[in-house]
1. List every residue pair whose Cβ atoms lie under 8 Å apart, where the two residues are 6 or more positions apart in sequence or sit on different chains, the first residue falls within the range 81-105 and is in contact (Cβ under 8 Å) with a residue 40 or more places away in the chain and more than 22 Å from residue 71 (Cβ to Cβ), and the second residue, located anywhere, is assigned to a helix (DSSP H, G or I) and among the small types (Gly, Ala, Ser).
2. So residue 27 clears everything in (1) surrounded by 10 or more Cβ atoms within 10 Å (Cβ to Cβ); (2) at pLDDT below 90; (3) of a type outside the set (Phe, Trp, Tyr) except one condition, right? Which one?
3. Would you please list the contacts, defined by Cβ atoms under 8 Å and residues six or more apart or on different chains, that run from a residue in the range 25-52 that is assigned to a helix (DSSP H, G or I) to a residue that is of a type in the set (Lys, Arg)?
4. Return the residues of the range 42-56 that are closer than 22 Å to residue 78 by Cβ and modelled with pLDDT under 95; say none if nothing qualifies.
Amino acid sequence: MAIGGNTALDWASPGLTDIHHQAPAPEVVHPEFKADIFDRCRAGDRTIAQVARDFDLTETAVRSWVHQAEIDAVERGGLTTDERNELAELRRENRQLREDVGILKRTTVFFAFM
């Protein structure tokens, strides 16, 4: 119990049962839109900052999209979008397999002592 008798949940917003809630998922930006932004940045008549302001985007996001588009076009080294997606999927699968192995190990120990 915290000082004054307050617990962590006492400070939570009304209606929340847990203070550890997830943030809302980010909006999905369509690849066609990103490609259009990239083309506008590459045209050379406006800076990335100007393109970002024109479309009410953050300059950081636009720079990130341009950077990834250059990688995908093999103009810059790094993981392509497809490689990044594959890596993320393999990491998810690996995490799930590790959880499954852990469950199997605990189950084996449980049944060994029955």
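The values are calculated or read from the model by the stated rules, or taken from the named source; none is laboratory data. Fair warning: this is a prediction, and the values are worked out from it, not measured in the lab. Backbone-built Cβ (ideal geometry, glycine too); neighbour counts: all protein chains shown.
1. Hits for this filter: zero, empty list.
2. (1)
3. Qualifying pairs under 8 Å: 40/46; 48/63; 51/40.
4. Step one: filter the range 42-56 for residues closer than 22 Å to residue 78 by Cβ, giving 42, 48, 51-52.
The one that is closer than 22 Å to residue 78 by Cβ and modelled with pLDDT under 95: 42.
Each row is one residue, and each column tells you yes or no for (1) modelled with pLDDT under 95; (2) touching a helix residue (DSSP H, G or I) at 6+ places or on another chain (Cβ under 8 Å); (3) surrounded by 10 or more Cβ atoms within 10 Å (Cβ to Cβ); (4) not small (Gly, Ala, Ser).
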residue	(1), (2), (3), (4)
70	yes, no, yes, yes
73	yes, no, yes, no
77	yes, yes, no, no
81	yes, yes, yes, yes
87	no, no, yes, yes
112	yes, no, no, no
